[in-house]
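Contents: one structure, followed by commentary.
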Amino acid sequence: MRKGHIVALVAMAILGAQPSMVLAAGIADMGPGCGLGKELWRDQNTDAWGKQVLISTTNNTVLPFQAFGITSQTMGCKNGGKFWVEYKTNMFAQLNFENLSQEMAQGQGEHLASLATLMGVPTEHQAEFFAMTQEKYTTLVEAGEASPVAMIKALNNAVATHPVLAEVSAQ
């Protein structure tokens, strides 16, 4: 390789790194995120871009550990519990789809109350949730595409657009 090419490559590498260095300067815990690298060097000053590159390299080299940290909320990773809430809600709907469909049509029931709780609807607003599921039953549990996943997706959309439930639900 010619000397001119090496100099050009080094210059491009330095110029390419400049924006990330500027953005990372002085901003603690906004760089490499979480994972094994973050845990290994957690007592170090992570404001320095060199430490952030080291943490990021470790995280990107050891992929399963960062993915595990994100899904399990360990190793300094946080996801607000949203992953597990969605997982539990979908699993519950899978296991109780027939009962949920019946109770949504009736606007009440133990399975429907459990689903509301899993979705983060406070007890004092569950009556509104029940009424909404009964009112929108046909759109929530469509005859042509009756599946637990489609039902939960439609329920999440209905809750998000409901004037009261959108304000009080955890999702």
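Observations
- Remark: the stretch 82-168 carries a charge dipole of roughly 240 debye about the Cα centre, counting +1 on each Lys and Arg Cβ and -1 on each Asp and Glu Cβ.
- Least to most buried among Lys51, Lys88 (fewest other Cβ within 10 Å first): Lys88, Lys51
Taken together, the values in this text are just the output of simple stated rules run on the coordinates, not laboratory data. The structure presented is a predicted model; accordingly, all values stated were derived computationally and were not measured. Virtual Cβ from ideal backbone geometry, glycine too; neighbours counted across all protein chains shown.
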